[in-house]
Every structure is written in C-alpha cells, then in structure tokens.
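Input: a single structure, listed below in structure tokens.
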Amino acid sequence: MEYHSILNKQLLKFIPDKYLEDEAMQKFLESVSNSYRSFEKSKKLSEHAFTISEREYQEVNNFLLKENEIKQQSISEIKKAISSLSPGARTDIESSDDDLINIIKFLQRQIEKAKELELQLIESKDVAEKAALTKSHFLSTMSHEIRTPMNAVIGFTHLLLQLEPRVEQMEYLKMLKFSAENLLVLINDILDFSKIEASRVEFEEADFSIKELISNIRLALLQKANEKDIQLKLLIDQELPNAIKGDPVRLGQILTNLIGNAVKFTKEGKVTITASLNKKTADYTTIDFEVADTGIGIDKDKLTNIFESFTQASSDTTRKFGGTGLGLTITKKLLELMDSEIKVKSKLGKGSVFYFSLKMKNSDKQFEKNGYDIIQPETKSLKGVKLLIAEDNQINVILAKQYMKLWDIECDVAENGEIALTLVQTNDYHMVLMDLQMPEMDGYETTIEIRKLPGEKFKDLPIIALTASAMLDIKDQAFIVGMNDYISKPFNPNELYRKIAQYAKVDV
C-alpha cells in the first residue's frame, strides 16, 4: 500500500518488512497516513486563506486610509468655509486637525443663533407691518381732516364766482381759489407719494384721446402762463392716433407736473409742449413727449438731485418758487411703474427740457374732435331729482345744499348713518350721496344695511361715496360694500353734476 511520503520514510528506516504484513499494523499505518494527508490539506487551505485575508486586509486598509484622507480634507474645507463666513469662529473650531465634535458644536450654536435672529426678524416684521398700518390709518385720517375744510373753501369760492361779484371781489376770489387749489396740489402730492412708496398705485386701461388730454392740460395751465406773460405752445404730431388705451389720469398727472413746473420756473420766453409719434405697430403706439422751457435752468451738478424726494435744485429755489419737491419724484416713479424713464437736459440760466417715451396699446374707439373750450360750471336744471345727502359736517351740508339749489334738486340731509337708513326706507330718492366717516353708523355700514333691505329698490338704489379721504383702499372698500361710484372732496362741481345726472337718468 502506498502511504504518505513522510510515513514511508519512517517505515523504511525503523520498521522491518515482516511487521508490515500484519493486517492490524496495516490498518494502523493507513490511519496514520490519512492523518498526514488531512493535516497537509488543512495546512494548504489555511495558508491559502491567510493569503487571501492578508490581501483583503491591505485593500480595506488602503480604502480606510483614502477615506481618512478625504475626511481630513473635508474637515479642512469646512473649517475654511466657516472661517470665511464667520472670521471670529477660527479659535472655536481649530483645537485639533480633525475635531468634528468642535465643528458640530459650533454649527449647533450658529443654528441656535440663526433661530433667535429669525424670531427677532419675525418680530421686527410684525412691528414694521403695524407701523405701516398705523401710517396708512394716519394718512387716511389726515386726508379726511385736511380735505374736508378744503372742500368748503374751494366749493364756496366756486359759488361766489358765479354770483357776479364786484371787480375787486373777483380779484380776491381768484387769489383765494388759486391759493386753495395750490394747497390741494400739495396735499395730493404727499398722498400720492405715500401710495407710491407703499406700492399701492393701480393703473387703469381706458380708451382716451391723447390730443384732447394734452390740449386740456394746456388750457388748464394757460391762465398761469398768461399771468406771467409767457407763451405756452403746443405741438402735436398729426400722425398720432385718434385714440389709445392707457391711464389718462396718471399720464395727465405726469404732464401737469412737468408743464406746471416749466411755467413756474420760467420768468420770460415760452414753454413748449411736444407730442410726436415714435413708432406704431399693429398692437402698440410709442409716443415721445417733451416739455421745454426758457426758464432758470438747472446746474449740471444738481440734475440727479431734482428727482429725489422733498428735494429741489437749491434752497433758494424753494424760497422763491415754493413747492414740496415731490412733483418730479412722483413723475419719475410713475413713469418707472409704466416701464418708461424721465430724462432731462438743462443749462443754468438757459432753460430745461424734460422728455420721455411711453408705449401704449392701440384703440379702435373714435373720439369726436372738439374745440377744447374751458368748461364752465354746469347750471342746467335737474328739476325732479330728489336725493339724500348723508353728511355730518354742517359746512359741507350748506355747500352741497347751495349746489342742489343751483341745479333745482330737492334734497334731504341725514347727520349720521342711522338717520340715513331710516330716511331711505321712508322716502323715494333717486340716489344717496354718502359720506364715509360719520358718527353712530359710518357710510360703509349704512350702505351694507341699505343693501340688506328687502326689495329690488334698495339693491338698485345708486349710492355715491362722497368723502374727503383720497386713500386707494378707502375707494376699493366703498365698491366692495356695494356703492356705485366715488367722488373725492374737494369735489369738482361739474363732476358732481354729471354723476347726479347719470345716476338719476336725467337727459341733460
């Protein structure tokens, strides 16, 4: 039998052949040989396994070394980033090369500080919002309180001018009217500036004649130009469309500011208003506007300052010519909101040129050409019209009654909302002129209660808000509660007349 090589060597050396023939001896030797073979096989397997483990260990070790290197680089980069964001944090995070615990603790502290800052910002935001609301309420109240007496001053001046006063009285009344209207312009400038600051300006899109708008503005300012013995020229491009779409009120405000300034700052010579066609497409028309004067001009160094809030070219200008310094600021901001830009060229002592371009939608509407005459106060009779005036200010009541008498209108007066609600139910009125701020029940509440009354009569009854407040949210709220229209005090007598005629459905 063939035994393991090591066992064979030992048998040949120490065991005689005769003993190898014994059967029991053979079994023993066979068992020993198998043990040798098993041991040798196990040894080879162990060596193989060790070799593999050693290789895997080296691979794992190399991987861990690379990971540790990446970790160290990452920690280093994190430290650099933290140091660049917060230079004072360097000493907090560099106690060791790989101190992740310190970095984590530092970041935790920063997160806590950020949360505290966030809470402070939320509190500051709440305070700012409350302050803005308080400011809005203050402006609304002041608007009402200032414009209410202005309504009486301007309204009674209009009435007195219609009573054929003596020559010297006419002169005084004209000065009174001029001063009151100037004061109203200042009040409106401040309110407009506040609305622009709060981003609460809304632009309408109405069809209007650009030629008529500019001509009417020129006519409105012509008297001031004539008083100063300066020419007020108007050059309108005949290629301009008959009608366009846009906001005639805001465009009129911009042009009035520019032309009014030009007249105010021009002692002699002329002011020239130009409107010319720049470009026309199927949908839009771009018009170039220019207001040039031969006035005092502006120093080159002051050109950028004139558009700042409450600023004029110099304090001397303010003393000589007056004004709030808001007109050009409002003009600039309105044009920016209309995707345009105001530009100026000027030379001290030689005059100024303000110009801008405005892109507006085309309109299919056609306007009849008129002579642009200055409209005189309406005096046509509206006999048969009966209305209710809900107003608590006695001076305004007297003023309103005088106009109603002039127009042959029958009217009742309610001193507060509760009386107005009672009178509406017991009388047939063509409409209600509703003041918004009244005792007992204000104009909003009264309107809501009127609309709740049973019957179509009270749902269809025209209610016109007549208030001294000029704030945009006041106007919006008036429509929300169910009012039909809005007239701001001091009111234009012709506007009030037209509204009454319109809602009373009287043919005038």
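The values are calculated or read from the model by the stated rules, or taken from the named source; none is laboratory data. Treat the numbers as computed from the prediction; the structure is a model and nothing was measured. With ideal geometry, Cβ positions are generated from the backbone for all residues, glycine too; neighbour counts draw on all protein chains shown. Heavy atoms of the whole protein, side chains included, go into the accessibility calculation; ligands, DNA and RNA do not. Shrake-Rupley method; radii C 1.70, N 1.55, O 1.52, S 1.80 Å.
Using each residue's phi in segment 45-56, evaluate 6.51 cos²θ - 1.76 cosθ + 1.60 at θ = phi - 60° and report the 3J(HN,Hα) Karplus result to the nearest Hz, with x for Gly and Pro.
With coefficients 6.51, -1.76 and 1.60, one gets 4, 5, 4, 5, 4, 4, 4, 5, 4, 4, 5, 5 Hz.
Rounded, prolate or oblate: pick one for segment 236-276, where a ≥ b ≥ c are the square roots of the eigenvalues of its C-alpha gyration tensor, a/c under 1.5 means rounded, and failing that, prolate if a/b is larger than b/c, else oblate. Present the calculation step by step, with values, prior to reporting the outcome.
On the way: a/c = 5.77, a/b = 1.59, b/c = 3.64.
Note, shape of segment 236-276 comes out oblate.
Given the Cα atoms of segment 5-61, and with Rh set as the inverse mean 1/r over their pairs in the Kirkwood sense, what is Rg to Rh to two decimals?
Numbers: Rg = 18.5 Å, Rh = 13.9 Å.
Answer for segment 5-61: 1.33.
Could you sort the peptides 157-164, 272-279 by per-residue average Cβ neighbour count (10 Å cutoff), highest mean leading? Mind dumping the intermediate values first?
Details: 157-164: 14.8, 272-279: 16.5.
Put in order of decreasing packing, that is 272-279, 157-164.
For a protection proxy built on the mean count of beta-carbon atoms within 10 angstrom, sort 419-427, 61-69, 489-497 highest first, please.
Working: 419-427: 16.4, 61-69: 10.1, 489-497: 19.3.
Going by the mean number of other Cβ atoms within 10 Å, highest first, we get 489-497, 419-427, 61-69.
If I model a spin label as a point 7 Å beyond the Cα along the Cα-Cβ vector, how far apart are those points for Val353 and Phe479 in nm?
Roughly 4.0 nm, to one decimal.
How much area per residue is accessible in segment 1-49 when the probe is 1.4 Å and only protein heavy atoms are counted (Å²)? Could the numbers behind the result be given before it?
Details: 4210 Å² over 49 residues.
On a per-residue basis, 86 Å².
Which value, to two decimals, describes the C-alpha radius of gyration of segment 384-508 once divided by 2.2 N^0.38 Å? The partial results should precede the final answer.
Details: Rg = 13.2 Å, N = 125, 2.2 N^0.38 = 13.8 Å.
Compared with the compact-globule rule of thumb, segment 384-508 sits at 0.96.
Can you tell me which of 428-435, 383-390 comes out highest on packing, and rank the rest after it, using the mean Cβ neighbours within 10 Å?
Top of the packing list down: 428-435, 383-390.
Report the FRET efficiency, 1/(1 + (r/R0)^6), for Phe63 and Asp17, where r is their Cβ-Cβ distance and R0 is 56 Å, rounded to 0.05.
On the way: r = 61 Å, r/R0 = 1.09.
Calculated value: 0.35.
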